[in-house]
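A.B. asks: The structure under discussion is supplied below as structure tokens; questions concerning it will follow.
The values are calculated or read from the model by the stated rules, or taken from the named source; none is laboratory data. What you see is a predicted model; the values in this text were computed from it and never measured. Here the Cβ is made from the backbone with ideal geometry for all residues, glycine too, and neighbour counts use every protein chain on show. Ligands, DNA and RNA are stripped out before the accessible areas are found, and what is left, the full protein with its side chains, is counted by its heavy atoms. Shrake-Rupley method; radii C 1.70, N 1.55, O 1.52, S 1.80 Å.
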Amino acid sequence: MAETLLARSPLGTVAGAALRSHGDAAAVELRELAAPAMCDLRLDAADAGALGAAQTALACKLPLTPNQSVAAGARVAMWMGPDQWLILLPAADAEALARALAGHAASVVDVSDLRAIFELAGPNARDVLRKGCAIDLHPRVFGPGDCALTALARVRVALCQVDDRPGYQLLIERSYAVYLWDWLADAMAEFSGG
């Protein structure tokens, strides 16, 4: 029987684990999200059998368009490349996905311990990201459901816009979490209203 370990925040002793700009309505908020299980899924999307098995096991479509994500309940599938997806899902579903793809030319690797997840949201969230991210985040180009692998403050992140607030999820390698948290807190200071 596998032993279950409780995931610890990579932020450790960083006070608060949530930041909010000041004022009547928060212009931007930052918080750490509890990380679900994460899998790196590799398969040939032209292989209808493998694609169908994966989508059935996930009860979620895999986005086949570059830089798109699809959410279905507690599951999120993010396009990372022509044959690669990052899947966020409940832990029990990760094992079911691996079983469903047994016998197919596919790979499911548990990468749950690799990343932390931050949420940055509010009317000025896009402005905060623009300070350290080179991709175009204008709403006509990057909107809800869009995702990208990019650099933010020289740190590789998977960036996904989840809604029109705008709200973004940032998936960061755990070893850079404190650095990026501090960078984001500094970038948010302009919007503190104080």
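Conditions tested, residue by residue: (1) open to solvent by less than 60 Å² (accessible area, probe 1.4 Å); (2) under 27 Å from Val141 (Cα atoms); (3) touching a helix residue (DSSP H, G or I) at 6+ places or on another chain (Cβ under 8 Å).
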{"residue": "Asp40", "(1), (2), (3)": "yes, yes, no"}
{"residue": "Ala48", "(1), (2), (3)": "no, no, no"}
{"residue": "Pro66", "(1), (2), (3)": "no, yes, no"}
{"residue": "Val70", "(1), (2), (3)": "yes, yes, no"}
{"residue": "Met78", "(1), (2), (3)": "yes, yes, no"}
{"residue": "Gly81", "(1), (2), (3)": "yes, yes, no"}
{"residue": "Glu95", "(1), (2), (3)": "no, no, no"}
{"residue": "Arg99", "(1), (2), (3)": "no, no, yes"}
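A.B. asks: Here is a further query. Out of curiosity, is Ala27 of a type outside the set (D, E, K, R), at pLDDT below 95, surrounded by 13 or more Cβ atoms within 10 Å (Cβ to Cβ) and in contact with a helix residue (DSSP H, G or I) (Cβ under 7 Å, 6 or more places away or on another chain)? Explain how you work it out, then say what you get.
C.D. replies: On the way: of a type outside the set (D, E, K, R): yes; at pLDDT below 95: yes; surrounded by 13 or more Cβ atoms within 10 Å (Cβ to Cβ): yes; in contact with a helix residue (DSSP H, G or I) (Cβ under 7 Å, 6 or more places away or on another chain): yes.
It is true that Ala27 is of a type outside the set (D, E, K, R), at pLDDT below 95, surrounded by 13 or more Cβ atoms within 10 Å (Cβ to Cβ) and in contact with a helix residue (DSSP H, G or I) (Cβ under 7 Å, 6 or more places away or on another chain).
A.B. asks: Additional query: Scan Leu120, Leu86, Leu114 and give me the residue that is more than 19 Å from Pro63 (Cβ to Cβ) and at pLDDT 95 or above. Break it down into steps so the answer makes sense when it comes.
C.D. replies: On the way: Leu86 fails: more than 19 Å from Pro63 (Cβ to Cβ); Leu114 fails: at pLDDT 95 or above.
Of the residues listed, the single one that is more than 19 Å from Pro63 (Cβ to Cβ) and at pLDDT 95 or above is Leu120.
A.B. asks: Scan the range 57-74 and tell me whether some residue there is of a type in the set (D, E, K, R) and touching a Leu at 6+ places or on another chain (Cβ under 9 Å). Spell out the reasoning first.
C.D. replies: Applying the first criterion (of a type in the set (D, E, K, R)) to the range 57-74 yields 61.
Narrowing further to those that are touching a Leu at 6+ places or on another chain (Cβ under 9 Å): none.
No, because not a single residue in the range 57-74 is of a type in the set (D, E, K, R) and touching a Leu at 6+ places or on another chain (Cβ under 9 Å).
A.B. asks: Helices (runs of 4 or more DSSP H) wholly in the range 22-140 with at least 2 residues that are within 16 Å of the chain's Cα centre (by Cα) - which ones?
C.D. replies: Values: elements: 48-58, 91-100, 125-130.
The helices (runs of 4 or more DSSP H) meeting that bar are 125-130.
A.B. asks: Given the structure, is Val108 of a type in the set (Val, Ile, Thr) and within 27 Å of Ala46 (Cα to Cα)?
C.D. replies: For Val108, the condition - of a type in the set (Val, Ile, Thr) and within 27 Å of Ala46 (Cα to Cα) - is met.
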